[in-house]
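A short worksheet on the structure shown next.
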Amino acid sequence: MPIAHIHFMYDLVEGDLRAAKRRLAEDVADSIARHVVHHHQGSPKDLVTVVFHDIGADDWASGGKLFSDKEDE
């Protein structure tokens, strides 16, 4: 069973966060089922698990700067 882990910086999402995750989970599951899961009975998409790891802009840094500080620049 494939498991996709997505590290998701929710502070950068505009609009409905739950709807964005729903669309992303659907797209990831479709893609994995299409490219990886081939010879199983039933829906290959049902074999795919997507796990979101929510990360705030204060919890992620790049180039030595928090993403929350970059938004202020």
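The values are calculated or read from the model by the stated rules, or taken from the named source; none is laboratory data. Note that the structure is predicted; figures quoted are calculated from it, not measured. All Cβ positions, even for glycine, are placed from backbone atoms using ideal geometry, and neighbour counts span all protein chains on display.
Of the set (1) modelled with pLDDT under 95; (2) outside any helix (DSSP H, G or I), all apply to V50 but (1). Looking across region 1-26, the residues that are within 14 Å of L47 (Cα to Cα) and either part of a helix (DSSP H, G or I) or free of Cβ contacts under 8 Å to residues at least 24 places away in the same chain (or both) come down to A25, E26. Filtering region 12-44 to residues that are among the charged types (D, E, K, R) and either modelled with pLDDT under 85 or exposed (fewer than 15 other Cβ atoms within 10 Å of the Cβ) (or both) leaves E14, D16, R18, R22, R23, E26, D27, D30, R34.
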